[in-house]
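Single-structure report; data block below.
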Amino acid sequence: MEFRNFIGGEWRETAAASANINPSDISDVIGYAAESDAAEIDHAVGAAKAAAVSWSASTPQQRFDVLDFIGSELLARKDELGHLLAREEGKTLAEGIAETARAGQIFKFFAGEALRGGGEAMASVRPGVGVEITRSPVGVVGLITPWNFPMAIPAWKTAPALAYGNAVVLKPAELTPGCAHALAEIIARSGLPDGVFNLVLGKGKVTGARLVEHRDTDAISFTGSAETGSEIAATCGRLRKKLQMEMGGKNPMVVLDDADLDLAVEACLNGAFYSTGQRCTASSRLIVAGGIHDRFVASLTGRIAALRVGNALDRATEIGPVVDGRQLDKDLSYLDIAAKEGGQVFGGQTLQRTTNGFFLAPALITETNSGMRINQEEVFGPIASVSRVEDYEAALQVANDTPFGLSAGICTGSLKHATHFKANAEAGMVMVNLPTAGVDYHVPFGGTKGSSFGGREQGAHAKEFYSKIKTSYTFA
Ligand code: ADP
């Protein structure tokens with residue numbers, strides 16, 4: 001299988017190609033992906049610019065039809081595409097299928113948004129004058145996406161971009177070209193005019209950087225690491241380019257003494273370890289009150305030990321492999337750092353399975369505190385730390401003691417503490433008696449502090465980024 005660029009309505013031949021490897025079985029080569037140079041980005045941006053004007057004038061019905069087609073096909077093929085996703089990224093088959101379905105639902109939601117569009121009309125403060133506030137497309141948007149949600153993140157950027165009338169150049173992560181290619185292949189048959197959606201595969205420092213710098217990209221939406229985000233923000237600031245970014249998390253889950261123990265353990269198991277902990281909303285810091293701490297740790301370690309880690313395509317698997325060797329090394333190095341800093345590590349050993357993949361036993365690090373690196377730096381693996389605290393007030397203080405602010409959770413039976421936490425947790429999303437990860441597709445997604453920048457993604461709020469506002473005055 002060859003994964004190619006899609007530019008101006010054509011699939012392009014590219015000479016250089018890189019192998020796309022299954023992290024559950026490194027002997028399984030899924031395909032070869034184009035490794036584009038900067039000229040491919042120039043070509044794609046040119047195609048997008050040429051197509052942007054007529055697409056900006058497309059009717060809500062045209063946009064609805066295209067988005068609805070894409071959504072329907074993703075939903076109809078969720079098993080097949082979910083299999084590709086699990087094979088390429090390493091999350092389990094069930095998670096891959098659910099993510100593909102979610103991508104389909106996102107396209108369906110934004111099909112509806114294309115119809116709702118809307119604006120405002122109001123009287124002027126001056127007699128005889130009317131005021132209209134309307135929205136128009138931004139123009140050409142560059143979308144740069146990570147490997148951890150290789151179907152859903154391209155979907156939640158592409159769908160609003162098209163719904164609000166923009167042309168797109170998508171640059172997906174190097175590790176997951178297959179999902180992006182499959183999405184492009186559906187979009188290619190959706191009735192969308194040539195050039196409105198373009199896909200360019202390749203290295204971030206070459207193609208991604210070029211997309212950000214290109215004078216004809218009007219806006220950039222990026223999801224990825226904080227380091228890359230800083231580079232992109234510097235360039236966009238210099239060029240006065242509209243920018244939206246979603247970066248890391250170090251999401252706290254507070255467990256108070258009055259929590260339902262089983263519910264708390266379930267929420268932490270899910271939030272910390274599902275999708276191999278490779279979610280920006282993963283509960284990587286478990287902040288547990290003294291009265292429940294020992295029972296909580298005993299129960300959670302029992303559940304962790306029973307998790308079935310293995311080949312993502314095996315239906316019995318609950319935790320798939322880590323995405324690649326580089327990420328596995330990073331996970332292991334943080335376990336080492338945490339142990340040296342005084343943490344007690346449970347689990348966390350590499351595992352041999354019948355296929356050769358990047359398997360890591362989920363790890364829980366107890367006896368940690370906020371000053372340790374494990375509680376300040378994002379790891380992005382099946383690893384969570386436990387910090388013991390005295391009471392709610394101490395828990396809130398520890399929960400907020402991080403440069404990040406994406407998602408924060410609390411398990412408690414106390415309405416008073418839950419209400420206070422919702423108001424005072426420094427995070428863009430707060431969960432009460434629910435895992436920090438796992439969000440709805442029709443409401444805003446995003447964080448505060450070092451986690452996010454710019455307008456919110458998803459839900460109707462996505463229009464703040466994907467459209468611009470005009471205020472018109474008429475004297476009649
Ligand atoms: P991760 O560590 O999760 O791979 P990155 O931030 O490196 O996170 O990657 C996220 C996305 O950003 C990928 O599509 C990657 O190719 C792209 N990328 C990496 N470096 C740059 C850069 N300098 N400019 C633009 N995009 C980049």
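The values are calculated or read from the model by the stated rules, or taken from the named source; none is laboratory data. Because the structure is a prediction, the values reported are computed rather than measured. Cβ atoms come from the backbone with ideal geometry, glycine included; neighbour counts cover every protein chain shown. For accessibility, only protein heavy atoms count, side chains too; no ligands or nucleic acids. Shrake-Rupley method; radii C 1.70, N 1.55, O 1.52, S 1.80 Å.
The H on the amide N of Gly9, modeled in the peptide plane, is under 5 Å from the matching H of Gly195, each at least 5 residues off or on a different chain.
Counting only other residues whose beta carbon sits under 14 Å from that of Ala339, what net charge do I get with K and R as +1, D and E as -1? Show your work: numbers first, answer last.
Values: positive: Lys340, Arg373; negative: Asp331, Asp336, Glu341, Glu367.
Around Ala339, the surrounding residues sum to -2.
Excluding ligands, DNA and RNA, the accessible surface per residue across the chain is 39 Å² with a 1.4 Å probe. Mind checking the log10 I(q)/I(0) for region 49-184 at q = 0.16, 0.21 Å⁻¹? Debye, one equal scatterer per Cα, no solvent, two decimals. Computed log10 I(q)/I(0) values: -0.80, -1.16.
Place the peptides 137-146, 465-474 in order of packing, highest mean first, counting for every residue the other Cβ atoms within 10 Å and averaging per peptide.
Values: 137-146: 25.7, 465-474: 15.1.
Going from most to least packed, we get 137-146, 465-474.
Peptide packing: for 373-381, 268-276, the average count of neighbouring Cβ atoms within 10 Å per residue gives the ranking 268-276, 373-381, highest mean first. Under the criterion of Cα pairs below 8 Å and six or more residues apart, the relative contact order for the chain equals 18 percent.
Relative contact order of region 314-378, please, whole-number percent, based on alpha carbon pairs below 8 angstrom and at least 6 residues apart. Working shown, then result.
Numbers: 70 pairs, mean separation 20.7, N = 65.
Relative contact order comes out at 32 percent.
Considering only DSSP beta bridges where both residues belong to the chain, give the percentage that are antiparallel (nearest 5). Taking every DSSP beta bridge with both residues in the chain, the antiparallel ones total about 45 percent. Residues whose amide H lies under 5 Å from that of Ser385, counting only those 5 or more places away or on a different chain, are Arg285, Leu286, Ile365; hydrogens are built 1.01 Å from N in the peptide plane.
Just the number, please: percent antiparallel of the DSSP beta bridges in region 221-379, rounded to the nearest 5. In region 221-379, approximately 35 percent of DSSP beta bridges are antiparallel ones. For Leu192, no residue whose modelled amide H falls within less than 5 Å of its own remains once neighbours fewer than 5 places apart on the same chain are excluded. For region 108-212, the Cα-based Rg and Dmax, in that order, read 17.5, 60 Å. The distance linking region 162-234 with region 395-470 is 25 Å (Cα centroid to Cα centroid, whole angstrom).
Taking every alpha-carbon pair within region 367-476, the share separated by more than 19 Å comes to 56 percent.
Using a 1.4 Å probe on the protein heavy atoms, what percent of the accessible area of region 308-441 belongs to carbon and sulfur?
Working: 2930 of 5950 Å².
For region 308-441, the apolar C and S fraction of the accessible surface comes to 49 percent.
Put simply, when 279-288, 431-440, 38-47 are sorted by average Cβ atoms within 10 angstrom per residue, most first, you get 279-288, 38-47, 431-440. As a length-normalised measure over Cα pairs under 8 Å and 6 or more apart, the relative contact order of region 262-411 settles at 30 percent.
Within 14 Å, Cβ to Cβ, of Gly104, how many net charges do the neighbouring residues add up to if Lys/Arg are +1 and Asp/Glu are -1? Taking every other residue near Gly104 into account, the sum is -1. Rolling a 1.4 Å probe across all protein chains gives Glu132 an accessible area of roughly 80 Å². The convex hull drawn around the Cα atoms of the chain, when projected onto a plane and averaged over every direction, covers 23.6 nm². Within region 292-435, antiparallel bridges make up roughly 35 percent of the DSSP beta bridges whose residues both belong there. When only alpha carbons of region 81-155 are considered, Rg and Dmax amount to 20.0, 65 Å. Distance between the C-alpha centres of region 70-85 and region 315-336: 26 Å, rounded to the whole angstrom.
Please report the orientation-averaged projected area of region 291-360, defined via the convex hull of its C-alpha atoms, in nm². Provide the component values of the computation, followed by the final result.
Working: hull surface 22.7 nm².
Convex hull of Cα atoms, orientation-averaged projection: 5.7 nm².
In the chain, the DSSP-assigned H stretches of four residues or longer account for a calculated mean residue ellipticity at 222 nm of -12000 deg cm²/dmol, using -39500 (n - 2.57) per stretch and the full residue count as denominator.
With a 1.4 Å probe and all protein chains left in place, how much of the accessible area of region 117-209 comes from carbon and sulfur atoms, in whole percent? Can you show the working numbers first?
Working: 1650 of 2700 Å².
Roughly 61 percent, rounded to a whole number.
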